[in-house]
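Here's the structure, in structure tokens; my notes come after.
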Amino acid sequence: MTVAMDQFAPGAVAAVNHHPWDAVAEGWNQHAVLIHDWLLQATTSMLDEARIGSGSRVLDIAAGAGDQTLEIARRVGASGWVLATDIAPGLLALAEKNARTAGLLQIATQLADAESLGMEGADFDSAVCRLGLMFCRKPLAALSGIRAALKPGGRFSAMVFTEPQRNPCLVIALNTARKHAGFASFSNGGSGVTCEPGSLMSLGKPDLFRGLLQTAGFTDVQIRHVSAPFHAPTVTHYTDFLRASALPVIEILAPLSAAVKERAWADITEELNVFSLASGWAGPNELLLANATAPS
């Protein structure tokens, strides 16, 4: 069963109930330029490893507002197409809007949970997932569904955050938020809530990620570390980005009063100021880039 682009109706996500990630949809979209620049090199590598080219049929899982979807569409050209999926209808609606604005008619969208894609036998040439898999509480189910959606020999490439000690910006923001919320902090060594299934750095151990890909049926599994520093004019630009889009931090602070939230964000900004430079702000981040092949 090979799916075609016309099977997916544009605008189909508009009337669906909201998802928690919809609360930060506009924040992600408004910071699209910062995000694009932050992940540009890593995204280019991901698309290269997925072997996406002219005429490719590509599945983009957890596409969000579609920054990388636009890049895929430009690569595949008019003879190819890309299906962007996400669990959050608000994010997917923005991906649709951004595709129309860019005039990229080879993009279709489909509301879908990565853990239950339901696209077995769709025969996509390639599939990608940028910073989405770590939020799956059942990553093996997601990876198995992705493998089933690929044609024999199809390529999959994904990026996730590595371990806490390699992502100090995330740890600082989460620990500071937890302190103000009255929760215990977690250690940079990776113990505690940071590495629980569905959390920001849950797939940060290369052996864990590799094992899941192999168990899901992928072959030729390769994983490497990729440095992805976040550059911004000032630390305030970065914390403004977090305030608008960092759902894990926002959810920790949600029950607090407005005054306590402001103190928390002020402390987060002060702590992150350690990464300020004479030429701006550069926060360390590290990703795992995984590449694999669906068996022939």
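The values are calculated or read from the model by the stated rules, or taken from the named source; none is laboratory data. For clarity, every value in this text was computed on a predicted model and none was experimentally measured. All Cβ positions, glycine included, derive from the backbone under ideal geometry; neighbour counts span all protein chains shown. Surface areas here come from the heavy atoms of the whole protein model, side chains and all, with no ligands, DNA or RNA. Shrake-Rupley method; radii C 1.70, N 1.55, O 1.52, S 1.80 Å.
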Keeping every protein chain present and rolling a 1.4 Å probe, give me the accessible area per residue for segment 188-296 in Å². 46
Leaving ligands, DNA and RNA out of it, report the carbon-plus-sulfur percent of the accessible area of the chain at a 1.4 Å probe. 54
What does the accessible area of residue 274 come to, in Å² to the nearest 10, when a probe of 1.4 Å is used? 100
What's the magnitude of the charge dipole for segment 138-296 around its Cα centre, counting Lys and Arg as +1 and Asp and Glu as -1 at the beta-carbon? Answer in Debye, nearest 20. 480
Round to the nearest 10 and give me the degree value, 0 to 90, for the angle of helix 168-181's Cα axis relative to the longest principal axis of the chain. 60
Would you report the distance distribution of C-alpha pairs in the chain as whole percents per 5 angstrom bin, up to the bin with the largest distance? 1, 6, 12, 16, 19, 17, 13, 9, 5, 2, 0, 0
